[in-house]
Every structure is written in C-alpha cells, then in structure tokens.
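To keep things clear, I will list the structure first and then write my remarks on it.
The values are calculated or read from the model by the stated rules, or taken from the named source; none is laboratory data. Quick caveat, the model's predicted, so the values are computed rather than measured. Cβ: placed from backbone, ideal geometry, glycine included. Neighbour counts: every protein chain shown.
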C-alpha cells in the first residue's frame, strides 16, 4: 500500500517538475539569445517545442520567437525557411503579434511582417476566431460583474428571499376548500368551494321555499307534492355539501405540511409579471387569512 501511494505521488509530481524544468530551460534559452549564443538558444527551444512541454501560449510564443530569430540570425542556407516555419507557428497562436522594433533589427522585423502578409489568407480565420473568443470572454466577465453588482444592491434577492410559510392545522377542517388553498392546491380548492356553494345554496333555498309554503303547520293539498320534492332536493344537496366537505378534510389531511418553504426565484431586477385580466370574464378568487385568535375564509368574484 505504501509503495502504491509513493508511486502515485511521484506520478502526480512529474507534471509539476516538468513544468518547472521547462520554465527554467526557456529562461536559459532567452539568456543565451540575449548574449548572442543563437545556436545554443535555438537548440534549447527547439527541444522544448518538440517535447511539447510548454503549457501556456506566452511560453509557446516566446519559444517560437527565439527559434525564428535565432535561425534568421544564422548563416545556414535554410535559415529563412526555418525562420519562416517558427514565425508561422508563432502567428498561428497570436496572428496580431509584432516584433518589438526597439530590440529587434529592422531586417528581422521586415522579414517577419512579410511572412505575415504572405500568409494573411490563412491567418485571417484564426484572427477572427480569436477576436470572437475575446469578445465572448469580455461579455462573460461583464455579465459576471453585473450579476455580482446586482447581488450586492439587491441584498436578499433570488433564493435568499425564500420564506417559511407556517400552516394552521385548524384550516384543514374548514369547508369551501380552505385546506386545499392552504396546501397550495388551488384547483381542487376552487372545485370543492364551487360544489359546496352550489349545494349549500340549493339546500338553503329549498328549505326557505318549504317554509314559505307552510301554512299553519301544514301544506295545502296541491303543495304537498312540491314540498316533498323540495325536501328531497334539500337533503340531497345537503348530502353533496357535507360529502364534499368530508372529502376536502381527508384530502387536506393527506397533503398537510406544518411548514413549507416558498422560494421566490425570478430574474434580478425584474418584477414578477402579472397576468392580464380577461375582459368580460368572471373569476372566483379564494381568500384565506389566519390570525393568532382565529381565521377568515371567504370568496371573491372579479368581474
């Protein structure tokens, strides 16, 4: 086990050691180049490029610059072809690169610019892709900056604005879908409220009609049948009312939660959109309010 861990640590350390060595070698090659030892500088950077140990674009650009200029300053018959090769590798990384005229002889600068001009058609797509990538990075950084600024200005926006909604157990036993509205099941609540309102009104109106026909404790001969029908409607409607009430209690008990977290998630700086009111339509809106000493249950009609 110890041998395995030691081997693993060595494998993990190898890339770091190689990176450190490549940095040191590149610095050494630049020192040789600055002192005019072009052949030694060229040999070092060519080996680094061949081994592919340079990780960053800046390192690759510097290595190709040293190699290209070292070949250009040499006296080999293939020096210009070699210099062009390394300059093209540099330009493939950064098509807008320019040699510093304060530290580079005019002949080398001119040759570099001629290489760039000759291969402009091949370099143009690379330049365009790099431009788009830079714009994308700038847009991302700007979006991140705005996001953080809005977070600081908005304080507890987004999920931080979530609140804990505490439910009242007593509402479970109230009629007209009170338990469903509390649980967030508005569709079932509205359906139960509508059924109970219709059934309750039907039963109550039937009772009033019966009492209105009653005369001195009885009914006339031609009203007995009507009274019996209204009485049946009264009890049937009452059964529907209490049946819906019982179903609402059972459903509210099944889905009851004492506390519910209600997050309010919407784009920063943007208010929640309100649905436009439908022209000429009637909307039934439940109204439930809970107080420490009681509660309120009602229905509103929006015309």
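Does residue 66 satisfy being assigned to a loop (DSSP other than H, G, I, E, B) and either surrounded by 17 or more Cβ atoms within 10 Å (Cβ to Cβ) or in contact with a strand residue (DSSP E or B) (Cβ under 7 Å, 6 or more places away or on another chain) (or both)?
Working: assigned to a loop (DSSP other than H, G, I, E, B): no; either surrounded by 17 or more Cβ atoms within 10 Å (Cβ to Cβ) or in contact with a strand residue (DSSP E or B) (Cβ under 7 Å, 6 or more places away or on another chain) (or both): yes.
Against the criterion (assigned to a loop (DSSP other than H, G, I, E, B) and either surrounded by 17 or more Cβ atoms within 10 Å (Cβ to Cβ) or in contact with a strand residue (DSSP E or B) (Cβ under 7 Å, 6 or more places away or on another chain) (or both)), residue 66 does not qualify.
Could you say whether any residue in region 228-236 is assigned by TED's automatic domain parsing to the domain that holds residue 176, at pLDDT below 80 and farther than 26 Å from residue 169 by Cβ?
Kept after step one, since they are assigned by TED's automatic domain parsing to the domain that holds residue 176, are these residues of region 228-236: 228-236.
This time we only want the ones that are at pLDDT below 80, so: 228, 230.
Then drop every residue that is not farther than 26 Å from residue 169 by Cβ, which leaves 228, 230.
So far as region 228-236 goes, yes, one or more of its residues are assigned by TED's automatic domain parsing to the domain that holds residue 176, at pLDDT below 80 and farther than 26 Å from residue 169 by Cβ.
Out of curiosity, is residue 149 loosely packed, with under 11 Cβ neighbours inside 10 Å, farther than 13 Å from residue 91 by Cβ and either at pLDDT below 95 or in the same structural domain as residue 69 (by TED's automatic domain parsing) (or both)?
Numbers: loosely packed, with under 11 Cβ neighbours inside 10 Å: no; farther than 13 Å from residue 91 by Cβ: yes; either at pLDDT below 95 or in the same structural domain as residue 69 (by TED's automatic domain parsing) (or both): yes.
No, not satisfied.
Which of the residues spanning region 84-100 are touching a residue at least 24 places away in the same chain (Cβ under 8 Å) and either part of a loop (DSSP other than H, G, I, E, B) or in contact with a strand residue (DSSP E or B) (Cβ under 6 Å, 6 or more places away or on another chain) (or both)?
Of everything in region 84-100, those that are touching a residue at least 24 places away in the same chain (Cβ under 8 Å) and either part of a loop (DSSP other than H, G, I, E, B) or in contact with a strand residue (DSSP E or B) (Cβ under 6 Å, 6 or more places away or on another chain) (or both) turn out to be 94, 95, 96, 97, 99.
Table: residues versus (1) closer than 26 Å to residue 188 by Cβ; (2) in a strand (DSSP E or B); (3) modelled with pLDDT under 70; (4) outside the structural domain of residue 182 (by TED's automatic domain parsing).
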position: 245; (1), (2), (3), (4): yes, no, no, no
position: 252; (1), (2), (3), (4): yes, no, no, no
position: 260; (1), (2), (3), (4): yes, yes, no, no
position: 273; (1), (2), (3), (4): yes, no, yes, yes
position: 284; (1), (2), (3), (4): yes, yes, yes, no
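Among the listed residues 170, 136, 160, identify the single one that is modelled with pLDDT of 90 or more and out of contact with any helix residue (DSSP H, G or I) (no Cβ under 6 Å at 6 or more places or on another chain).
Numbers: 170 fails: modelled with pLDDT of 90 or more; 160 fails: modelled with pLDDT of 90 or more.
Among 170, 136, 160, only 136 is modelled with pLDDT of 90 or more and out of contact with any helix residue (DSSP H, G or I) (no Cβ under 6 Å at 6 or more places or on another chain).
Just checking, does region 155-162 include any residue being in contact with a strand residue (DSSP E or B) (Cβ under 8 Å, 6 or more places away or on another chain) and either within 30 Å of residue 64 (Cβ to Cβ) or in contact (Cβ under 8 Å) with a residue 24 or more places away in the chain (or both)?
If we filter region 155-162 for residues that are in contact with a strand residue (DSSP E or B) (Cβ under 8 Å, 6 or more places away or on another chain), which is where we start, we get 162.
Imposing the further condition that a residue be either within 30 Å of residue 64 (Cβ to Cβ) or in contact (Cβ under 8 Å) with a residue 24 or more places away in the chain (or both) reduces the set to 162.
Scanning region 155-162, I find at least one residue that is in contact with a strand residue (DSSP E or B) (Cβ under 8 Å, 6 or more places away or on another chain) and either within 30 Å of residue 64 (Cβ to Cβ) or in contact (Cβ under 8 Å) with a residue 24 or more places away in the chain (or both), so the answer is yes.
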